[in-house]
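The values are calculated or read from the model by the stated rules, or taken from the named source; none is laboratory data. It should be emphasised that the depicted structure is a prediction, and the values quoted were computed from it without experimental measurement. Backbone-built Cβ (ideal geometry, glycine too); neighbour counts: all protein chains shown. The accessibility values were calculated without ligands, DNA or RNA, using every heavy atom of the protein model including side chains. Shrake-Rupley method; radii C 1.70, N 1.55, O 1.52, S 1.80 Å.
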Amino acid sequence: MKFETVIGLEVHTELKTASKIFCGCTTEFGGDQNTHVCPVCLGLPGVLPVLNEKVLEFAIRTGLALNCKISHYSKFDRKNYYYPDLPKNFQTSQYDLPICEGGYLDIEVGGETKRIGITRVHMEEDAGKLVHSGTISNSEYALVDYNRTGVPLLEIVSEPDIRTPEEAKAYLEKIKSILSYIDVSDCKMEEGSLRCDANISLRPVGQEQFGTKAEIKNVNSFKAVQRALEYEQERQEEVLSEGGRIIQETRTWDDSRGVTLSMRNKEQAQDYRYFPEPDLVPIVVDSEQIEAIRRSLPELPDARKARIMKEQGLSAYDAEVITATRPMADYFDALIAAGAEAKAAANWLMGEVSKLLNACSLDIRSCPVPPANLAEMIALIEKGTISGKIAKTVFEAMWNEGKTAPVIVKEQGLVQMSDEGELGNIVEAVIAANPQSVADFNAGKEKAVGFLVGQIMRQTKGRANPELVNRLLKEKLTGK
Amino acid sequence: MDLFRLKAHELQQKLFRREVSAVEITQSVLARADKVDSTIQSFITRTPEAALAQAKRVDEKLARGEAVSPLAGIPGALKDNMCTKGVKTTCASKILANFVPPYDATITEKLAAADAVIVGKANLDEFAMGSSTENSGFFVTRNPWDTDRVPGGSSGGSGAAVAAGEAIWSLGSDTGGSIRLPAAYCGVVGLKPTYGRVSRYGLVAYASSLDQIGPFARDVRDCALVLGAISGHDRRDSTSINAPVPDYTAKLESGVKGLKIGLPREYFVAGMQPEVEAAIRRSIDELVAMGAELVEVSMPHTQYALATYYLIATAEASSNLGRYDGVGFGHRGEGSDIVSMYKRSRAEGFGPEVQRRIMLGTYALSSGYYDAYYLKALKVRTLIKQDFDRAFGQVDVLIAPIAPTTAFKIGEKVEDPLAMYLVDVCTIPSNLAGVPALSLPCGFADGLPIGMQIIGPHLSEATLLQVAYTFEQAHDYHKQLAAIREVD
Ligand SMILES: [Zn+2]
């Protein structure tokens, strides 16, 4: 029997508001344990929550960017459960009237565009962190750090429209891209500001009814989500093919072993006893407010990609990579504005710039070479002042020394030798000095040319115009 | 003269005329408590040093000729479910027996800003759940008029302290009648303001959508003064009302001429003590004689109020009290793992009534029961609100009994929770509707005070006080103080 995979994702993202969702404490990551706390986020007797208006604004921004309907009337609810990282033993969340519903986003997999539905986006508070004295099973005690307690979260729930682990990864990348574009979240999975739970089930191809699903938690990177789903897909297929039954349960992803493991049986589903949060008033948003936020939205990745393809003639692939994050796309736009040719600009951005940023663990917003300087350097290549090869050296020097390309080219004497007479003399001298290579060439060994080019480049310290060297060498060797 | 016998506004006059000092007033009240509190047991925590220090500051201010508020230097008490920074706030629960809040409730801050003197934290039914203070995790407060009887609850300590002269005024909280019942049983004035009129920030929650802080006082004018000091919008409480606070004493002497008084027939329940019913009806006749117009009104959903209350209040309580788990603060029981620690902490820390209500509320919210209980209760609550809206379309205020009987004997109802719950049948509807309601002494039966309830529409506190004042001035109930044997 052939099976079809059905995946739905729940993404939790921490919002980068300055203060927590229901109190004035900072949301800053890190800090000494239990220093970013107050009576409200510690859930002390008598405290009351007050909604941070910025959280609502960010939620609406996100909803609009994900093509959702924004609810004019929504409310908070309490989700009751006992856990020591949850000081009130309930989480203030949204249950039946979330702030955003019924949206979608488009992903691209294998050159095809696919639309994934967004069921809902809702606001809630984050929990604290347990620090165990040993491993989870043998700890004598655990300590609680409440610094993250009350940090605002959005939960973004997808429709079960995802069919492959690869689509799941593309969906997550798209979510991350959109959230970073609209500047509501840092989306740092390693700091826990983006988290993902995945629901996956299999059903025989052609069957409409969903199979029993497993929920996978504790997945810490996009790659891991894909791997976990691939593993789970295989596991479920094996169980079903052998006539077995999938148990509805929560499974945790063990990244080092590459397997999912059963956590607890969800058949005795936990009863969260949701009910409306009586300490907060319902959230009423009017159309004017929504439209004002809509007007403040930046150009989103899909629109930007389409624009760059149309205006600059870039390939879909290049445009996708360049528009994946807003700062990257901004940098690209700045290069074009400074006069750089689009394809060269894209290649430099995806090549040397990204390589050095990664090597230095830098964000493009702190790139030491400003776009205007890079555009100036690209122009030097085009004019033939420097070769593409030398340009890499020039770029590294710009990166390290902060100087402009013309200054570096001048200081280090890196101007390309394109004078036919001058270069011709060097070619002739090299031919004269290497009779063996000439003989090899005449004997049909094409490799000999490479050796001779290398000699010429060495003598010119790499400044020789490579095309010209090739032509001159061929002419002189074959006597044409 | 015994300063503790005077009203706040009388003391204020003496203070402004420099006939007495705030320290002398405070000393008088503290000395009275020294002599009667071993009998009445109003207080869980007394704060005489802080009270005297505060009184001294007020005297210094007066000496410098600085302007002070009407409550400046006047000693009062807080129900022990209101947070006081650095002073134990126990909710009369073993689970918070040693809890010292690191912050002040908004009302605590407001009273400090008004230079009021706080002499202690008053006893209550544990977490404000009860009608007699017998559910206190520590001890039972006694009714100053008959120490074999309960003072009412849950704010029994606050009511008894004012009636016994251990405080000139006090604050209580009212979720289903917890200010009005002890006010009636102790023969003082008690007011539950409109929901949201007084900030709940720092009031330890029992049932968030019903809880409201309000004053106890010896007469209506004092009640108006205290209400003025604690009311107002608070950005720390999202449910607080953003409306200006009027001078609640301004309309006191306006009389009741032309005022329409509604008599809700459903509030005169079967099994009422005849003297209580007679006193209420007589009081209404008097108000009519003073110029008010009587209209009989019907509030058909009143009979469902008690059941509705015990679903909504317990549901909210089951969640509000989740935080008492032994992890971050409060009593921690010994356990080999987290779950057994939770269980021991809560089993040891909570008394039987609190445990009963947590179970009721947990059940009402459970999946499969939610629609039949909690959701239905919310719908009935809306119907009850509509009863009030309709009634207030016809009348300015409603007059009803506070409770079917006068104060009952200690121990009389402890074995029968349902009988205890029925005590609140006349007070609960106004909590469900969020409207203000006042309890005013209107007579005695066998030496025990009877309370009359005056209920008004949202933010009509000034009108309630006006009606109450008019009635009060025609009687001398407010001039009587319970006779308590003083013990040296
Ligand atoms: Zn905080």
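Using DSSP to call loops (not H, G, I, E or B), can you name the trypsin sites (Lys or Arg not before Pro) in region A:247-322 whose Cβ has at most 10 other Cβ atoms within 10 angstrom? In loop regions of region A:247-322 (DSSP not H, G, I, E or B), the sparsely surrounded trypsin sites (Lys or Arg not before Pro) are A:257.
For the protein assembly as shown, carbon and sulfur atoms together expose 50% of the accessible surface, with a 1.4 angstrom probe and every protein chain in place.
Only the Cβ atoms of Lys and Arg (+1) and of Asp and Glu (-1) were treated as charged; on that basis the dipole of chain B about its Cα centre amounts to roughly 800 debye.
Once Rh is set to the Kirkwood radius over Cα pairs, what Stokes-Einstein translational diffusion coefficient, in µm²/s, holds for the protein assembly as shown at a temperature of 37 °C and a viscosity of 0.692 mPa s? Answer, rounded: 99 µm²/s. Note on chain B: along the principal axes its Cα atoms extend 64, 53, 44 Å, ordered by decreasing extent. The residues of region A:17-164 expose, per residue, 39 Å² of accessible area to a 1.4 Å probe.
Set the bar at 24 Å for Cα to Cα. Now go through B:343/B:379; B:192/B:260; A:20/A:79 and name every pair that lies beyond it. Distance filter (> 24 Å) returns B:343/B:379.
Over the whole of A:79-92, what's the average partner chain Cβ count within 10 Å per residue? Rounded to a whole number, please.
Numbers: counts 1, 5, 1, 6, 3, 7, 1, 4, 6, 6, 9, 5, 0, 0.
That works out to 4 on average.
For peptide A:46-56, the mean count of partner chain Cβ atoms within 10 Å of a residue's Cβ comes to 5.
So how much accessible surface do B and A hide from each other in total, probe 1.4 Å, in square angstrom to the nearest 100? Kindly include the intermediate steps, with their values, before the conclusion.
On the way: alone 17880 and 24040 Å², together 39320 Å².
In total, this chain pair buries about 2600 Å².
Adding -39500 (n - 2.57) for every DSSP H run of four residues or longer, then dividing by how many residues the protein assembly as shown holds, sets the calculated 222 nm ellipticity at -11500 deg cm²/dmol. Note on region A:42-119 and region B:367-441: Cα centroid distance 36 Å, given to the nearest whole angstrom. Toward the positive end of the charge dipole of chain A, with +1 on the Cβ of Lys and Arg and -1 on the Cβ of Asp and Glu, the farthest Cα among A:381, A:127, A:17 is that of A:381. Bridgeable lysines around residue A:305 (alpha carbons under 21 Å apart, same-chain partners fewer than 8 residues away excluded): A:114, A:169, A:174, A:176, A:343. What longest range of chain B stays clear of loop-exposed trypsin sites (Lys or Arg not before Pro) (DSSP non-H/G/I/E/B, at most 12 other C-beta within 10 angstrom)? Excluding the exposed sites themselves, the longest stretch runs over B:258-484.
Charge dipole of the protein assembly as shown (Cα centre as origin; +1 on each Lys and Arg Cβ, -1 on each Asp and Glu Cβ, all else neutral): 760 debye, rounded to the nearest 20.
Across q = 0.08, 0.13 Å⁻¹, region B:184-340 modelled as identical point scatterers on its alpha-carbon atoms has Debye log10 I(q)/I(0) values of -0.39, -0.92, in the order of the q list. Coupling constants for region B:447-454 follow from the phi torsions by the Karplus curve (6.51 cos²θ - 1.76 cosθ + 1.60, θ = phi - 60°), and in residue order they are x, 10, x, 10, x, 9, 9, 10 Hz; glycine and proline get x. Of the three principal axes defined by the Cα atoms of region A:323-389, the extents in descending order read 32, 23, 17 Å.
Restricting to bridges with both residues inside chain B, how much of the DSSP beta-bridge set is antiparallel, in percent to the nearest 5? Don't jump to the answer; show the numbers that get you there.
Details: 30 of 45 bridges.
So the antiparallel bridges amount to about 65 percent of the total.
Cross-link partners for residue A:445 among the lysines, with Cα-Cα distance under 17 Å and sequence neighbours closer than 8 places in the same chain left out: A:474, A:476.
The alpha-carbon of residue B:121 sits under 16 angstrom from the alpha-carbons of these lysines, leaving out residues fewer than 8 places away in its chain: B:79, B:85, B:88, B:94. Dipole of the protein assembly as shown computed with +1 at Lys/Arg Cβ and -1 at Asp/Glu Cβ about the Cα centre; of B:184, B:28, A:370, farthest Cα towards the positive end is A:370. Counting only DSSP beta bridges with both residues in chain A, the antiparallel share comes to about 90 percent. Per residue, the solvent-accessible area of chain B (1.4 Å probe, heavy atoms of protein chains only, all protein chains present) comes to 34 Å². Figure note: B:334, A:311, B:461 ranked by solvent-accessible area, largest first, 1.4 Å probe, ligands and nucleic acids not counted: B:334, A:311, B:461. Which log10 I(q)/I(0) values, to two decimals, does chain A give at q = 0.10, 0.11, 0.12 Å⁻¹ under the Debye formula with one point per Cα? After summing over all Cα pairs, the log10 values are -0.89, -1.00, -1.11.
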